[in-house]
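The values are calculated or read from the model by the stated rules, or taken from the named source; none is laboratory data. As the structure is a computational prediction, the values presented were derived from the model and not from experiment. Here the Cβ is made from the backbone with ideal geometry for all residues, glycine too, and neighbour counts use every protein chain on show.
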Amino acid sequence: ETGVTQTPRHLVMGMTNKKSLKCEQHLGHNAMYWYKQSAKKPLELMFVYSLEERVENNSVPSRFSPECPNSSHLFLHLHTLQPEDSALYLCASSQAGQGKFYGYTFGSGTRLTVV
Amino acid sequence: AQSVTQPDIHITVSEGASLELRCNYSYGATPYLFWYVQSPGQGLQLLLKYFSGDTLVQGIKGFEAEFKRSQSSFNLRKPSVHWSDAAEYFCAVGTGNTDKLIFGTGTRLQVFP
C-alpha cells in the first residue's frame, strides 16, 4: 500500500468516549502532521512531528493527545470531546530538512462527529 | 509571519471556459508555493509547486500557475475547465527553514455544463 492512509474514515462518538485516529504513511517521509478542517474555517495545524519528536503544538486543547511511535505511524487520541470538535481531521507527511521541503502528502481524512 | 490570501471564496464557470484562481502571499524571502485540490470528503491532492527557477509551473490535470514576485501572487490557471474540476482549491506557502505549510481559506469552484 502506498501514500498516506487514515482510519477510520468516519467516526461518531459521544462526549464521554475515548477514541483514537490512526495515520500511516508508506512514503519514507520523516515528518507527520495533524490538521483540523472545520466548515468555513481555514485549515488549522494542530501538531507537527519531525523524526518522531513533537516539534509543534498549536495551543491545542489537552483533550487531543498525539502519539508518534515511529516515523510511519501517527495517532490522535481523543477524550471528552465537545461538539465543536466535529470536523475533518487530516493527516499529512513530508520529507523535510536541510533546507529542503517538498510539500505534504495528505491522507483522505477522518470525518469526526461528536454527539 | 507568513500568510496566504485567496480573495475568491466561490467561483462559478461554464465547462470549457478558462479559469484563474487568485492567491496572494506574504513572506519576506522567496517562498515555496503550492496549490492543492480537495474533492468532497477527501484529503488534499497536490496540483503543483514552485520552489525556484522558471516562474511558470505546470501541474497535473492541465493546471499551471505563475509566480509573480512583484505582485506577491501565485495564481492558478487552466485554459479549459472540465466538470470534474469542480472542487475546493487551496493555495499554500512554506519555507525551506520550517516544515510547515500555511494554507489559504480556499476557493470553491463550481462548473456548469
### Query
Is it fair to say A:Cys68 is surrounded by 14 or more Cβ atoms within 10 Å (Cβ to Cβ) and out of contact with any Ser or Thr (no Cβ under 9 Å at 6 or more places or on another chain)?
yes
#### Entry: The one condition in (1) away from chain A (no Cβ under 14 Å); (2) surrounded by fewer than 16 Cβ atoms within 10 Å (Cβ to Cβ); (3) hydrophobic (A, V, I, L, M, F, W, C) that B:Ile60 fails to fulfil
(1)
### Task
Check B:Ser52 against each of (1) within 15 Å of the chain's Cα centre (by Cα); (2) touching a residue at least 12 places away in the same chain (Cβ under 8 Å) and name the one condition it does not meet.
(1)
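What tally of residues in the range A:37-51 results from selecting those that are at the interface with another protein chain (Cβ under 7 Å from one of its Cβ atoms) and among the hydroxyl-bearing types (Ser, Thr, Tyr)?
Residues of the range A:37-51 that are at the interface with another protein chain (Cβ under 7 Å from one of its Cβ atoms), as a first pass: A:42-43, A:45, A:48, A:50.
Filter once more, keeping what is among the hydroxyl-bearing types (Ser, Thr, Tyr): A:50.
Number satisfying all stated conditions: 1.
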### Task
Grab the strands (runs of 3 or more DSSP E) fully contained in the range A:1-72, keeping just those with 3 or more residues being free of Cβ contacts under 8 Å to residues at least 40 places away in the same chain.
A:44-50, A:53-57, A:64-70
### The one condition in (1) under 13 Å from the mean Cα position of the chain (by Cα); (2) more than 10 Å from chain A (Cβ to nearest Cβ); (3) modelled with pLDDT of 95 or more that B:Tyr36 fails to fulfil
(2)
### Query
Does the range A:4-20 contain any residue that is out of contact with any Cys (no Cβ under 7 Å at 6 or more places or on another chain) and crowded, with 19+ Cβ neighbours inside 10 Å?
no
### Message
Let me spell it out: the conditions are (1) more than 30 Å from A:Val55 (Cβ to Cβ); (2) more than 12 Å from every other protein chain (Cβ to nearest Cβ); (3) within 13 Å of the chain's Cα centre (by Cα), and B:Ser84 meets all of them except one. Which number is the exception?
### Response
(3)
### Query
If a residue has to be of a type outside the set (S, T, N, Q), more than 13 Å from every other protein chain (Cβ to nearest Cβ) and either exposed (fewer than 15 other Cβ atoms within 10 Å of the Cβ) or at negative phi (or both) to count, how many in the range A:52-65 make the cut?
4
### Summary
Apart from one, (1) in contact (Cβ under 8 Å) with a residue 24 or more places away in the chain; (2) part of a loop (DSSP other than H, G, I, E, B) all hold for B:Val111; the odd one out is (2)
